[in-house]
Each structure stands twice: as structure tokens, then as C-alpha cells.
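First the structure, in the form of C-alpha cells, and then the observations on it.
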Amino acid sequence: MNKKWELSDNVDHALMESLLLQEGQVIKKSPAKLVTFHETSDGDFYVKRSRHASFIFRPQKYWFKDCPARWEWAVARAAQSLNIPVVDHLAVCEIWSSTGLQEDILITRAFDGKPLHIAVNVDANCVMGFVNMCHEKGMVHGDLHPANILVHSSSGELRLADLKGVQFEEYPNQEKQREDVAYLNIHFPMPLSAELLKLSDKIRRKKMAARYRRCLKDNREFGPQIHGCSKWWVRKPMMNNELNQVLAMPDTVLAGESLLKAGRASTVGQSGDWVVKRYNFKKPLNLIKDLFRSTKAKRAFQLGYHLELVGILTPRVIAVAEHRSLGLTWRSYLVMEKIPEAKDLADVNYDDSNLIRCLAELIGKMHAEGFVHRDLKASNILVGSDGKPYLIDLDGLSYLGKVSAYAAASNLKRLKRGLLGKPIFNRLNWMSFLKFYCQATGFRLMELRV
């Protein structure tokens, strides 16, 4: 292996080498990237490693282009020459072999600041001014989320971090700069024009529609694990001994007193804080279909995480597994978080105007975010002990991106049909529901009637 270093002025090469030998605190980990934090007597540092050897053909392509660390190193130098505050970039290291670039490493000095979305009492106008200053000097960021701007807790100083993909152009694309501002606004609200707010909402939906797929990848939040004889995709921060036992033997939750529902298509049980749903073998044709599509369990896992990302109340999805033999899926499992003391909407035996409003906002947000539910019956909505409704049974859920008035009205008809004769349903409540629903979606009542 051949190491190639480039250091900033007055940086100790031996110190940089020593950081590579330390384990450090893991900040971000995936097969392609590892970010660690290191506390030393000489200061605090971040080490970002891009591990190209994990992929077959990736090491060779860096014979012809700059690696991520080298790109960010060059961008940091350009930003400093333009007097744009960035975190201190101390060293870049490339580890080569005869087959190509095995790993590139970027070392930066830790800045005593917090990301915008974590820091408190941050002046949004100051942030707008900072971003405008960067744009005036030709910056196009492309990934300007709050974690990429750090703010010092006492001085209020702002600095850019994680410069991957940043470009400085003599004649920057102003539309892309507008998208930078709109994207930052998603998690750090700022005083923007109505046009930029509309663009921000459009970008948010697009980003969330792409981000939900990360639940089936290996990252900080999710990853594959073996439990018993099954391979699961799990939510790593939620793992504990109780959940490990459930994942090792999920069928034990689906019998006896733990059983909640025994159907031909699916079986549902509970254990402690978890609900387990097993999708049973039903139709021979589905065995063939599942060769070319995700199983119901995997689709529900992804859709549940998508709902969570856009702020629609639903039990958090925790884990998913498929039992395959010769490529055919005979059973699949989905584990969800249990909503304490929840009851079906159909079983609510009281008239509550606040619940009606929350229900209208839930269904309205679902449609406004681009989802439809072909089986939107009362039993597929739970009411928690906090009085808030939660959407469950995501087998009938689909993401369309944009919901037509016809599809929305069809969902509402199904919901109304299931509520007829229930204590919560009367004409006054239904009119109140439609009022709040229309406010949430932008639909007019006449559109829904047509």
C-alpha cells in the first residue's frame, strides 16, 4: 500500500498518522463511509474515510477523477480564498494499491459549534445573510441541509461543514442557488417568499420520496442482522434483549394470549412494546409475483418509514424479514411499535370534536403528501391514549406523489361507510371533518362531491 499525504501549513504529520491508528467515536458508518470523532491532547478532530475497496470496480475509477476527499480538500481551499468560513481542513490522505485507490481520508479540526437544527436561539435572518453571502461569491451547494452549517454557541459564528458536491462558479446557476435555500428551509424554517416556500415543499416531498429507501440499506439507523435462522432488516437504535427474542422466534408471539388476529392472509400478535405481523402464504400466483416485486411486508416497512419521514402518525416500523426457499417467499414478517392503550376508531364510544379535527388533519396530510389508502376503514385507524389517531395496516397504502380529488373522495367514502352508526359519527361531526380536511389538502368541497 502506498500512502499519499497533503497537509495544511503547520500541521504535524505524525499527529495525523496517529489519528488513523485510533478507533475513535463512530459518528457515521456504512460500507462506503466511516466518520469518527477523536479527542486528543492536541485538540479534537474528525476523520472521514471513503472505503472504495468495499466495491469491486470503484478503486479503478479514481485513476481518472478526483476522489471525494481530494474534491472536498480543493473546495475548502477555494472557499478560504474567497473568505467563506469553513471548518479547518488539515490533511488529506490517499491509500493506493496496484488495483487502484483503496481508501481516501480527510481530517478536519472539530469546530465548537452545533448544526442549525440542533442549536437554539439561532437568528434565521443571520443564516439567510450567511447563505446569500456564499451565493454572491459563486457557491452552489447542492446539499445545504442544517447539519452542513455549524453555529458557535456563544459567538454565533457560522461555518460550512461537509463540502461534498459544493462548487464555486464564476456565473453560478441561480435556480440551483434558490434550491439550496429552499432545501435548507425544510428543517430550518426561514422567512421566505411564497414562491420559495412552495419550492421548498416540492423539494421536501422529492427528498423524502427518495430517502425512505434508506430503511433497506446499511447505515446508522437501519441495517441487516441475523436473528435465529432469519435475516432481518432492523432499526438499530431500537434493538434490545426483548426485541432480540421476538426476532429470533417471531411465531411464538403469534399464538396463545399474545394473538391479536388470526386471518388467512395475515396473523398479528403482540409482545411487550412490539406488534408482529406475519404475512401468510395465500395464493400460488403470489409466489411468482414476489420474484419480481417486494413482498407486502417489505412494502409496508418502506411505506411506514415514508409516513414517519413526512410526519404522518403511524406506529414506527422496527424490523422486516422474508422467509424464502428456492427464491420463493413463503412467509414474511413485519415488526412495529405498539401504541399503548390504543383502540380502533370504530370502538371509540364518545363524541370528541378534538378527535374529529385530528382525524381530518391525519387523512388530509396523508392525501396532501401524495398517499392513498384503498382500505381506509375505521378499524385501520387506532386512537392512542393521547387521543391522537394513528394510521395502521399499510397493506392498502400507495404513494402516488399527487392525489386526485376522485381518489381522495373514494378514500373518504370508504371511511364514512365504516363510521356509519358509530357514536363518533353524526352529520355535524362529518361536516366539521370535511372542513378541516379541505383546509389540510386545499381541495374544495365541490371537487370532492363531483
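Looking across segment 62-96 at every residue that is under 20 Å from Asn2 (Cβ atoms) and of a type in the set (Asp, Glu), the one that is modelled with the highest pLDDT is identified as Glu94.
Is it true that some residue in segment 207-226 is over 30 Å from Gly401 (Cβ atoms), among the aliphatic types (A, V, I, L, M) and modelled with pLDDT of 90 or more?
yes
For segment 97-107, the count of residues that are buried (at least 16 other Cβ atoms within 10 Å of the Cβ), of a type in the set (A, V, I, L, M, F, W, C), in contact with a Lys or Arg (Cβ under 6 Å, 6 or more places away or on another chain) and at pLDDT 95 or above is nonzero.
Across segment 352-377, the qualifying residues are those that are among the aliphatic types (A, V, I, L, M) and in a helix (DSSP H, G or I), and the one among them that is nearest to the chain's Cα centre (by Cα) is Met366. Of the residues in segment 151-158, at least one is buried (at least 19 other Cβ atoms within 10 Å of the Cβ), more than 30 Å from His306 (Cβ to Cβ) and touching a helix residue (DSSP H, G or I) at 6+ places or on another chain (Cβ under 6 Å).
Flag: Phe55 matches the condition of being over 20 Å from Val87 (Cα atoms) and of a type in the set (Phe, Trp, Tyr).
With respect to the conditions (1) of a type in the set (Gly, Ala, Ser); (2) in the same structural domain as Phe37 (by TED's automatic domain parsing); (3) surrounded by 20 or more Cβ atoms within 10 Å (Cβ to Cβ), Ala182 falls short on a single one, namely (2). Pairing residues of segment 308-319 that are within 9 Å of Glu337 (Cβ to Cβ) with residues that are of a type in the set (A, V, I, L, M, F, W, C) and in a loop (DSSP other than H, G, I, E, B), at Cβ distances under 9 Å and at least 6 apart in sequence or on separate chains, gives Pro315/Ile339; Pro315/Ala342; Pro315/Ile392; Ile318/Met239. Screening Val75 with (1) over 29 Å from Leu216 (Cβ atoms); (2) of a type outside the set (Gly, Ala, Ser); (3) out of contact with any strand residue (DSSP E or B) (no Cβ under 8 Å at 6 or more places or on another chain) gives one miss only, at (3).
Summed over segment 263-277, the residues that are touching a Leu at 6+ places or on another chain (Cβ under 8 Å) and free of Cβ contacts under 8 Å to residues at least 24 places away in the same chain give a count of 3. Please verify whether segment 51-61 includes one or more residues that are in contact with a Lys or Arg (Cβ under 9 Å, 6 or more places away or on another chain) and either at pLDDT 95 or above or under 30 Å from His135 (Cα atoms) (or both). Among the residues of segment 51-61, not one is in contact with a Lys or Arg (Cβ under 9 Å, 6 or more places away or on another chain) and either at pLDDT 95 or above or under 30 Å from His135 (Cα atoms) (or both), which makes the answer no. The single condition among (1) more than 20 Å from Lys33 (Cα to Cα); (2) at pLDDT below 95 that His145 does not meet is (1).
Tell me, yes or no, whether segment 313-329 has at least one residue that is of a type in the set (S, T, N, Q), over 24 Å from the mean Cα position of the chain (by Cα) and crowded, with 21+ Cβ neighbours inside 10 Å. There is at least one residue in segment 313-329 that is of a type in the set (S, T, N, Q), over 24 Å from the mean Cα position of the chain (by Cα) and crowded, with 21+ Cβ neighbours inside 10 Å. Whenever a residue of segment 233-252 is in a strand (DSSP E or B), its partners that are exposed (fewer than 13 other Cβ atoms within 10 Å of the Cβ) and not charged (D, E, K, R), lying with C-beta atoms within less than 9 angstrom and at least six residues away or across chains, give the pairs Trp233/Pro224; Val234/Pro224. Filtering segment 15-29 to residues that are within 23 Å of Lys3 (Cα to Cα) and in contact with a Lys or Arg (Cβ under 8 Å, 6 or more places away or on another chain) leaves only Lys29.
Within segment 388-398, identify whether any single residue is in a helix (DSSP H, G or I), surrounded by fewer than 21 Cβ atoms within 10 Å (Cβ to Cβ) and out of contact with any strand residue (DSSP E or B) (no Cβ under 6 Å at 6 or more places or on another chain), and answer yes or no. Yes, there is a match, as at least one residue in segment 388-398 is in a helix (DSSP H, G or I), surrounded by fewer than 21 Cβ atoms within 10 Å (Cβ to Cβ) and out of contact with any strand residue (DSSP E or B) (no Cβ under 6 Å at 6 or more places or on another chain).
Evaluating Val348 against the criteria (1) over 28 Å from the mean Cα position of the chain (by Cα); (2) buried (at least 17 other Cβ atoms within 10 Å of the Cβ); (3) closer than 17 Å to Leu434 by Cβ leaves one unmet condition, (3).
Can you find a residue that is out of contact with any strand residue (DSSP E or B) (no Cβ under 7 Å at 6 or more places or on another chain) and modelled with pLDDT of 85 or more anywhere in segment 275-296? Looking through segment 275-296, none of the residues is out of contact with any strand residue (DSSP E or B) (no Cβ under 7 Å at 6 or more places or on another chain) and modelled with pLDDT of 85 or more.
The values are calculated or read from the model by the stated rules, or taken from the named source; none is laboratory data. All values reported here derive from a predicted model rather than from experimental measurement. Positions of Cβ are backbone-derived with ideal geometry, glycine not excepted, and every protein chain shown enters the neighbour counts.
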